[in-house]
Amino acid sequence: MAERKKPKLAVWKFASCDGCQLSLLDCEDELLAISEQVEIAYFLEASRATVKGPYDISLVEGSITTPHDAERIHQVRRASRVLITIGACATAGGIQALRNFQDVREFTSLVYASPQYIETLKKSTPIDEHVYVDFELRGCPINKYQLLEVLNAFLNGRKPNIPNYSVCVECKRRGNVCVMVAHGTPCLGPVTQAGCDALCPSYHRGCFGCYGPKENPNPPALSERFTAMGWSDQEIVRAFRNFNAYAEPFRKESEAHEAKS
Amino acid sequence: MVIIEPQGLSALFDALKQKGYQLIGPRVVDQAIIYDEIGSPEDLPVGWTDEQDAGVYRLRKREDARYFGYVVGPQSWKKFLHLPILKLWEAQRDGPSFEIIPNDEPVPKMAFIGVRSCELQAIAIQDRIFLQGDFVDPHYRSRRENIFIVAVNCTEPGGTCFCASMDTGPRAQSGYDLAITELYDAERHVFLVEAGSPAGETLLEQLPHRPATEADIQQAHQLLEQAGKKMGRQLETEGLKDLLYDNLEHPHWQKIAERCLSCANCTMVCPTCFCTTVEDVTDLTGETAMRIRKWDSCFTSDFSYIHGGSIRASTYSRYRQWMTHKLASWHDQFGTSGCVGCGRCITWCPVGIDITEEARFIRENPVT
Ligand code: SF4
Ligand code: SF4
Ligand code: SF4
C-alpha cells in the first residue's frame with residue numbers, strides 16, 4: 001500500500017470541563033497507534049508544541065458562551081477540513097446551558113466580585129448553531145471506544161458505526177434486567193441515544209441521559225410513565241435538565257413540566 | 001412417564017455435566033429470574049415467583065418451595081442460540097488483497113433447563129428461519145446442534161401469558177428431550193418426567209425413578225388443563241391476519257405511536273424476533289477489519305434506511321410493521337404466527353404497550 005501522508009489532527013477547547021479531551025488521553029494503549037497514523041498538530045491539553053493549520057481533522061470540545069469564542073469557532077472551522085464535535089457541551093450546550101433557562105446576569109452578579117469584567121453570552125449554545133459540523137459524537141463524557149471508532153472511520157474513509165437508537169438496545173444486548181420494569185427505577189434509556197453500552201443500568205441505576213436524545217424520541221410518553229411511577233413534575237424537570245438540557249426534545253419536555261409545577 | 005424426587009434433579013444435572021453439557025437455567029439475578037449458567041439445583045429459584053403485568057415485573061417470595069414456580073423472564077433462550085453480538089469474520093490485509101479469517105471459536109454444548117412450551121415453539125420458529133431454505137446460518141446451526149432441552153410444563157401461567165390463545169402451550173408438545181411437570185401439594189413434591197427423544201430416554205434411565213401411576217398422570221393433566229384457563233392475557237386469532245391487513249390505515253396506529261417510545265425493547269425480548277445488522281470495523285492502520293453482527297430492530301431508523309433515507313421514519317409505521325409482521329405477514333412468510341404468546345413484549349415494554357390490547361381494539365373498532 002502506498003504510504004499515506006499523515007493527516008493532521010487538532011483538538012480545540014471551548015466552554016467545557018476537559019473531560020472529553022481526557023477521554024482521548026485516556027486511550028493510553030491506542031494513543032501510540034493514533035500518533036503513528038496522525039500528526040497530533042494541536043492539542044494543548046497534551047502538548048504546548050503546536051503545528052500551524054490547516055488541519056485534516058479537528059475535534060471540538062465545549063460550547064460557545066462568550067463573544068470571543070463565537071468568533072474563534074469560525075477560525076477553527078476555516079482551518080479544518082473535517083470538524084467533529086465531541087461531548088454534550090459541543091453537541092448540546094452542556095451543563096452550562098442551564099443558564100439558558102435563567103438570567104445569566106443575575107448569576108454573574110452573584111458569583112463574581114466585579115461582574116462588569118465578565119463578558120458572556122446569554123446562552124450556552126452547541127457548535128452546530130455557529131458553524132457546519134461534519135460529525136457529532138455524543139456523551140458526557142464521550143466514550144473512548146466511540147472516539148476511536150470515529151477517528152478510525154475518518155482515517156479509513158468509511159462511515160462511523162455510531163448508532164442513533166436507544167440505550168435500551170445496548171442494555172438488552174448486554175443482557176441487563178431492565179431497572180424501569182423490574183425495579184421501578186425511572187430510566188431515561190428509552191429516549192437517550194446509545195453509545196455508553198448502557199453503563200448506568202448495568203449498575204442498577206436509571207440512565208441519566210448523558211448521550212442526549214435518540215433519533216425519533218418520545219419524552220412525553222416516558223414522562224407519563226414516570227408520573228405513574230410516582231415522580232413529581234419537578235423531578236421530571238430535573239431528569240431532563242442536566243447535561244443535555246438544551247437539546248430540543250429534552251428542553252421542551254422540561255419546559256412542559258416546569259409550566260405544570 | 002416416570003416420577004423423580006427433587007433429589008433426582010441433582011442426578012439429572014450430574015448426568016448432563018458428565019456428558020459435557022454446560023448447564024443453562026433459571027436463577028435469581030438483579031431482582032429477576034434470568035437464564036444463566038447454573039451448577040446445581042441449589043441455583044434454581046426455589047420458592048421464588050414473578051408477578052407480571054404491562055410494563056411491570058416484580059420478583060416475589062412464594063409460600064411454597066417450588067423449583068419452577070415462575071414463568072418466563074426478561075430474556076429468552078435466543079441469547080444463547082442467536083447471539084446478541086457475534087464476530088462473523090476478520091480480514092487481514094495482504095498486499096493489494098486480503099485474507100478472511102473465519103470466526104471458529106469453539107461452541108459449547110449446552111443443556112437448557114426449564115424451557116417453557118411457548119419457548120420451545122419460539123425455538124422451532126427460529127429453526128425455520130435459520131436452518132431451512134437456501135440460506136442456513138452456520139453460527140446458529142453450530143450452537144443449535146448441540147442443545148439438550150429439559151422442558152418444564154407451565155402449571156401457573158403469568159400475568160402477561162397467552163400461549164393458550166396461540167396454541168403454543170401451556171403443555172410442551174414437541175421439541176424437547178425431557179419434559180417435567182412439577183407436582184406439588186400438601187403430601188408430596190415430585191416431578192413427573194417424560195422423554196421426548198432417544199437422548200432423553202437414555203438419560204432418564206440413568207436417573208433414580210419409579211414408574212408414574214395413572215393418578216400422577218391425571219394430576220399433571222388437570223393442572224395443565226386449569227393452567228390453560230388461567231392465562232393473564234388472551235388474543236383472538238380467528239381471522240386476525242386479514243383483520244390487520246384490512247386495517248393498515250386504522251387511526252389507532254397513530255394512538256399507539258403517541259405512547260410508543262420506539263425504544264426496541266419489545267423486539268429485543270421477543271424470542272422469535274431475529275433481525276440483525278452488520279457493522280464493519282477497521283483498526284487504525286487499516287490493516288485488519290472485522291464484520292460484527294448485532295441484534296437490530298424494526299423500531300430503529302437505520303433498520304429501514306436505504307439510499308436516500310429511512311422508509312419507516314415514524315413510530316406509527318414502525319409499530320405497525322412490527323405488529324403486522326408478528327401476527328399477519330409472518331404467516332405468509334413462514335407459515336405460522338410470529339408470536340408464541342410469551343408476553344415478554346408486554347411486560348418489558350417500559351410504557352406497557354400490550355399487543356393483545358392493541359389487536360383487540362382494532363378488532364372491536366374496525367374502519368370500514
Ligand atoms: S434499564 Fe433503562 S436503558 Fe435499560 S432497557 Fe430498561 S429502560 Fe432501557
Ligand atoms: S410478540 Fe410478544 S408475546 Fe409474542 S412471542 Fe414476541 S415477545 Fe412473546
Ligand atoms: S412497543 Fe414498547 S417496547 Fe416496543 S418500541 Fe414501543 S415503547 Fe418500546
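The values are calculated or read from the model by the stated rules, or taken from the named source; none is laboratory data. None of the values given here were measured: they were computed from a predicted structure. Methodologically, a virtual Cβ is constructed for each residue, glycine included, from the backbone with ideal geometry; neighbour enumeration extends over all protein chains shown. Ligands, DNA and RNA are stripped out before the accessible areas are found, and what is left, the full protein with its side chains, is counted by its heavy atoms. Shrake-Rupley method; radii C 1.70, N 1.55, O 1.52, S 1.80 Å.
Return yes or no: is A:Glu235 open to solvent by 20 Å² or more (accessible area, probe 1.4 Å) and touching a helix residue (DSSP H, G or I) at 6+ places or on another chain (Cβ under 8 Å)? Here the answer is yes, as A:Glu235 does meet what is asked. Among the candidates B:Ser301, B:Ser297, the residue that is of a type outside the set (D, E, K, R) and either more than 25 Å from the chain's Cα centre (by Cα) or away from ligand 1 (no atom under 16 Å from the Cβ) (or both) is uniquely B:Ser301. Scanning segment B:28-48 for residues that are in contact (Cβ under 8 Å) with a residue 40 or more places away in the chain and either within 14 Å of chain A (Cβ to nearest Cβ) or assigned to a strand (DSSP E or B) (or both) yields B:Ala32, B:Ile33, B:Ile34, B:Tyr35. So is A:Val51 touching a Phe, Trp or Tyr at 6+ places or on another chain (Cβ under 8 Å) and open to solvent by 40 Å² or more (accessible area, probe 1.4 Å) or not? Here the answer is yes, as A:Val51 does meet what is asked.
May I ask you to verify whether A:Ile34 is among the aliphatic types (A, V, I, L, M), within 14 Å of chain B (Cβ to nearest Cβ), within 15 Å of A:Val150 (Cα to Cα) and surrounded by 17 or more Cβ atoms within 10 Å (Cβ to Cβ)? Here the answer is yes, as A:Ile34 does meet what is asked.
Only one of A:Tyr132, A:Tyr165 is within 10 Å of chain B (Cβ to nearest Cβ), of a type in the set (Ser, Thr, Tyr) and either touching a residue at least 24 places away in the same chain (Cβ under 8 Å) or surrounded by 24 or more Cβ atoms within 10 Å (Cβ to Cβ) (or both). Can you tell me which?
A:Tyr165
Scanning segment B:312-368 for residues that are farther than 28 Å from A:Thr185 by Cα, of a type in the set (Ser, Thr, Tyr) and either within 16 Å of ligand 1 (Cβ to nearest atom) or outside any loop (DSSP other than H, G, I, E, B) (or both) returns B:Ser317, B:Thr324, B:Ser329.
Mind checking whether some residue in segment A:201-211 is touching a Ser or Thr at 6+ places or on another chain (Cβ under 9 Å), assigned to a helix (DSSP H, G or I) and within 14 Å of another protein chain (Cβ to nearest Cβ)? Yes, the conditions are met somewhere in segment A:201-211. Only a single criterion out of (1) facing chain A (nearest Cβ under 10 Å); (2) touching a strand residue (DSSP E or B) at 6+ places or on another chain (Cβ under 6 Å) is not satisfied by B:Gly352, namely (2).
Applying the set (1) closer than 16 Å to B:Gly343 by Cβ; (2) within 14 Å of chain A (Cβ to nearest Cβ); (3) open to solvent by less than 20 Å² (accessible area, probe 1.4 Å) to B:His82 leaves exactly one unmet item: (1).
Scanning segment A:207-231 for residues that are closer than 17 Å to A:His257 by Cβ, more than 16 Å from ligand 3 (Cβ to nearest atom) and open to solvent by less than 50 Å² (accessible area, probe 1.4 Å) turns up just one, A:Gly209.
Whether any residue in segment B:320-343 is among the hydrophobic types (A, V, I, L, M, F, W, C), within 12 Å of chain A (Cβ to nearest Cβ) and open to solvent by less than 20 Å² (accessible area, probe 1.4 Å) is what I want to check.
Checked against the condition, which is being among the hydrophobic types (A, V, I, L, M, F, W, C), within 12 Å of chain A (Cβ to nearest Cβ) and open to solvent by less than 20 Å² (accessible area, probe 1.4 Å), segment B:320-343 yields no hits at all.
Residue selection: B:Leu223 fails the criterion of being of a type in the set (A, V, I, L, M, F, W, C), outside the structural domain of B:Trp322 (by TED's automatic domain parsing) and open to solvent by less than 30 Å² (accessible area, probe 1.4 Å). Taking segment B:25-60 as the range and being within 30 Å of B:Ile353 (Cα to Cα), in contact with a strand residue (DSSP E or B) (Cβ under 8 Å, 6 or more places away or on another chain) and β-branched (Val, Ile, Thr) as the test, the residues that pass are B:Val28, B:Val29, B:Ile33, B:Ile34, B:Thr49.
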